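Here is the structure we will look at.
The values are calculated or read from the model by the stated rules, or taken from the named source; none is laboratory data. This structure is a prediction, so every number in the text was calculated from the model and none was measured. Glycine also receives a Cβ, built like all others from the backbone with ideal geometry; neighbour counts cover every protein chain displayed.
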Amino acid sequence: MTTGGRPAGWRVWVEAARPRTLPAALAPVLVGTAAAARAGEVVPWRAVAALVVALALQVAVNFANDAFDGERGVDTAERVGPPRAVAAGWVTPRAMKAATGAALAVAAVAGLALAAATTWWLVAIGAAAVLATLGYSGGPKPYASVGLGEVFVFVFFGLVATVGSAFVHLEAITAAAVVAAVPMGLLAVAILVANNLRDLPTDAPVGKRTLAVRLGDAGTRRLLVALVLLALVVAVAYPAFWPPLAALAVPLALPVLRPIRAGATGWALIPVLAATGRLQLALAVAVAAALLLGP
């Protein structure tokens, strides 16, 4: 239910958490856990804790982005896409920052449990992830606004999430986990690039110079196509992923690539965002299955 366009009660927070982005947190954990299972033994509670860390960090990034962009006036009325809670006046910036802190606390508790069971070096990695989460949209010079958001996403939602999800079981880094982290990271970046392509007309006037703003419309489209194709090539070409299984996700790239190449803009890019998320999750399932069932 809604009240004058405002989601009722707790649904405000569900909207602010952006549930459609959560597959980007689930996918690398799924693949990393499968890589661990292929190389050794999976400890169930550690798999759950790794998933909690990933999901909580994703929600924290979304809350922080809502709070800081709303506070700065970046999310204007001209922006295309679902309403943002702070910009729409549903939630105060202070309340959204408190919710960000709560999500980070959940990630920290789960992360500390994993560190205690494996190595305390995970605390340093977790601290870096927290700083990256807050610096994405917050601070005096948010790095998302200077074209570095894609680096953060690739490192933390690709490399760290995938390799870390395998490491907490094996307490070692395997080649399969590292290679699997690449397509997961590339597709997580593709989701961000599709989002920034949609927001390109409204980001530039308010001074938010994302990578999409710097590359322009045509350059951003080329980048998005390259990210998707490279992710698929890595997944299908690596022998440990058993190409026949990994290739099952390839047809799901078409709903992403066709609209981008056809010049879709504005609201027409919303389905592209959803399709990119589905592609990432499908490829994660295919790669995980290949790791578990392949020769």
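State which residue pairs qualify: first residue touching a residue at least 40 places away in the same chain (Cβ under 8 Å) and over 16 Å from Arg258 (Cβ atoms) and inside the stretch 213-225, second residue buried (at least 20 other Cβ atoms within 10 Å of the Cβ) and of a type in the set (D, E, K, R) in any location, beta carbons under 6 Å apart, and separation of 6 or more residues or different chains.
Listed by first residue and then by second, the contacts come to Val213/Asp203.
Among the residues of the stretch 181-215, how many are more than 21 Å from Ile270 (Cβ to Cβ), among the charged types (D, E, K, R) and assigned to a helix (DSSP H, G or I)?
Going through the stretch 181-215 one residue at a time, the tally reaches 1.
Give the stretch 72-115 a look and list any residue that's in contact with a Leu (Cβ under 9 Å, 6 or more places away or on another chain) and modelled with pLDDT under 95, or say none.
Scanning the stretch 72-115 gives Val80, Gly81.
Do we find a residue being of a type in the set (Gly, Ala, Ser) and surrounded by 18 or more Cβ atoms within 10 Å (Cβ to Cβ) anywhere in the stretch 202-212?
There is at least one residue in the stretch 202-212 that is of a type in the set (Gly, Ala, Ser) and surrounded by 18 or more Cβ atoms within 10 Å (Cβ to Cβ).
Hey, does the stretch 246-254 have a residue that's in a helix (DSSP H, G or I) and closer than 23 Å to Pro82 by Cα?
No - not one qualifying residue is present in the stretch 246-254.
Determine the pairs where a residue that is under 15 Å from Leu57 (Cβ atoms), located within the stretch 154-171, has a partner that is of a type in the set (S, T, N, Q) and surrounded by 24 or more Cβ atoms within 10 Å (Cβ to Cβ) with Cβ atoms under 6 Å apart, the partner being 6 or more residues away or on another chain.
Taking only residues 6 or more apart or on different chains, the pairs are Ser165/Thr33.
If I ask for residues that are modelled with pLDDT of 85 or more, aliphatic (A, V, I, L, M) and more than 30 Å from Ala176 (Cβ to Cβ), which ones from the stretch 1-38 would you list?
Val12, Val14, Ala16, Ala17, listed by residue number.
Checking the conditions here, which among Gly111, Gly138 is buried (at least 17 other Cβ atoms within 10 Å of the Cβ), more than 22 Å from Asn195 (Cα to Cα) and not hydrophobic (A, V, I, L, M, F, W, C)?
The match here is Gly111.
Any idea how many residues of the stretch 53-91 are among the charged types (D, E, K, R) and under 30 Å from Leu30 (Cβ atoms)?
Total meeting the criteria: 3.
Name every residue in the stretch 141-185 that is touching an Asp or Glu at 6+ places or on another chain (Cβ under 9 Å), surrounded by 21 or more Cβ atoms within 10 Å (Cβ to Cβ) and within 23 Å of Trp120 (Cβ to Cβ), in order of residue number.
Within the stretch 141-185, just His169 meets the criteria.
Please work out which residue is surrounded by the most Cβ atoms within 10 Å (Cβ to Cβ), limiting yourself to the stretch 256-290 and to residues that are among the β-branched types (Val, Ile, Thr) and closer than 30 Å to Ala37 by Cα.
Looking at residues that are among the β-branched types (Val, Ile, Thr) and closer than 30 Å to Ala37 by Cα, I get Val287.
Might you check whether a residue that is in contact with an Asp or Glu (Cβ under 9 Å, 6 or more places away or on another chain), among the hydroxyl-bearing types (Ser, Thr, Tyr) and surrounded by 19 or more Cβ atoms within 10 Å (Cβ to Cβ) occurs anywhere in the stretch 232-255?
No, that holds for no residue.
Say we look at the stretch 78-103 and pick out the residues that are over 24 Å from Leu273 (Cα atoms) and of a type in the set (Val, Ile, Thr); which of these is surrounded by the fewest Cβ atoms within 10 Å (Cβ to Cβ)?
Thr92
Residues to consider are Ala177, Ala144, Ala231, Ala240; find the one that is among the aliphatic types (A, V, I, L, M), at pLDDT 95 or above and assigned to a helix (DSSP H, G or I).
Unique residue meeting the criteria: Ala231.
Among the residues of the stretch 226-259, write down those that are in contact (Cβ under 8 Å) with a residue 40 or more places away in the chain and of a type in the set (Val, Ile, Thr).
Across the stretch 226-259, the qualifying residues are Val228, Val234, Val256.
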